1. Here are some pairs, A:Lys180/A:Lys264; A:Lys180/A:Lys247; A:Lys112/B:Lys87; A:Lys107/A:Lys238; which of them have Cα atoms lying more than 28 Å apart in this structure?
2. Highest mean first, how do A:128-141, A:248-261 rank when packing is the count of other Cβ atoms within 10 Å averaged over residues?
3. I'd like the mean, over residues of A:106-116, of how many other protein chain beta carbons sit within 10 Å of each residue's own Cβ.
4. Could you tell me which GluC sites (Glu not before Pro) in the stretch A:139-203 are loop residues by DSSP with no more than 11 other beta carbons within 10 angstrom of their beta carbon?
5. Place the peptides A:214-222, A:97-105 in order of packing, highest mean first, counting for every residue the other Cβ atoms within 10 Å and averaging per peptide.
6. Across the Cα atoms of the stretch B:28-124, what radius of gyration and what greatest pairwise Cα-Cα distance (Dmax) are found, in Å?
7. Inside 10 Å of the C-beta atoms of B:104-113, what's the mean count of C-beta atoms belonging to other chains?
8. Compare the peptides A:151-159, A:116-124 by average per-residue count of other Cβ atoms within 10 angstrom and give them in order, highest first.
Amino acid sequence: MWNRFLNSTLLLAAFLEFSYIALAQTYGTPGYSPGAWKPDELPKELSQPKPFNARELSGVWSTPTTPGYFERHSLDDKWIETTDKKVPPQMRSNTSPPPMTEWGKAKFEANKVSYGPRAIEPELNNDPVSQCEPLGYPRDLWEANLRPFEFIQTPNRVLQHMQYHDTWRTIWTDGRALPKDPDPAWYGYSIGRWEGDTFVVESVGFDDRTWLDHFGNPHSDQMRLVERYRRIDKDILKLDMTLTDPKAYTKPWVADTITFVNPKVAIFEEICSPSEEHRFNDAIRDESKAKSKP
Amino acid sequence: MRRIFVISPALTVAIFILGAPLFAHHGTGVAYQEDKWLTVKGTVTEWIWSNPHCGILFDVTDEQGNVAHWGAELGNPHQLSAAGFSKDVLKPGDKVTVTGHPSRSGAPRIQFHHMLLSDGRTLTIGGVKGNGEKADTEY
């Protein structure tokens, strides 16, 4: 009996591992869009190599790390465990948020999360995402570990199209300065310029109702972001980000360098529907806490 | 009375740690025992194909004829499309065998990992990237 149990268990483990390996071998069909266009329905020229231009950011980008047990830890290009599973040492975060101000601490404590070491039951959290509220920036960017974003470069703007929640961020490149006293916006106000082959983006005017990440790290309306993008290869984009927010943190938060790759897929419509999320919560999620019913 | 419905002792509550990644959405680690496995067989009552989460409602009948209303939690349509799912993959009345992680509370809820359909196909989310990698759904 024990041998049968062991054999079945090993067999199940083997085919799960095999399915994972098989996936890696099917990776990357340019323009592929799950649930819509199949590879044989796409123009053939999509798969042709294109010349690489360091000052052309247009394209779809995603993080190369397979998501799964671990969630991106905010500004670090590392991961922290969200459950009792163990994070390999090379994936552990080496840095942590800078010390928070009293305002920052209070906001952090008020943010009830369902991820990471402070996780509580989903129905008890106050994470904006649970209500399909705007993720804001930079939180939406961290979702690129699961969903890609797209840069669209035009003569006077760079548009950043986030797959998750299907949102757009405008980065003005027409020479304007940042607004001096802007009304808060979910995705802030951004301007960009080229310094050599580095695209530098500065942003202000963020609405402080959004979180920095799903671990509840806060930011205020005083947050300023500086992002430095470098396309170092045809399919590789590097990002260095510094967050300065004296109302929430006692010193700047300098991120680890984040690497994005071209996942060779098209952006997929991924709108968070409040009514559909509520329906799901009512039917499935909230019931997971209920005791078995006769 | 708490009831657990099983189809195979060898596949049920098998405890092991795998390298294959799973989807993580908010609170799954809190609501489900992600280091335990459970397999249940039932009849679909509703296939919820919705953003940002999908779900299966299905009824499981034990040997005494008692019916329990189960629910399985899945990821979003984007991830599932990449894994070979679609809005038409299930319909009420379909027989389905679902394997995944049991709820911590003992409620008849399961965090979906893969399912066996009545036509013999198996669909899995195991190892599927959300960035559009095509899933190999046949194995």
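What follows is calculated from the coordinates using simple rules that are stated; it is not laboratory data. As the structure is a computational prediction, the values presented were derived from the model and not from experiment. We place every Cβ from the backbone using ideal geometry, glycine too, and count neighbours over all the protein chains shown.
1. Listed pairs above 28 Å: A:Lys180/A:Lys264; A:Lys112/B:Lys87; A:Lys107/A:Lys238.
2. A:128-141, A:248-261
3. That works out to 2 on average.
4. Passing sites in the stretch A:139-203 do not exist.
5. A:214-222, A:97-105
6. Expressed in Å, the Cα Rg and Dmax of the stretch B:28-124 come to 12.7, 39.
7. Mean inter-chain Cβ contacts per residue within 10 Å come to 4.
8. A:116-124, A:151-159
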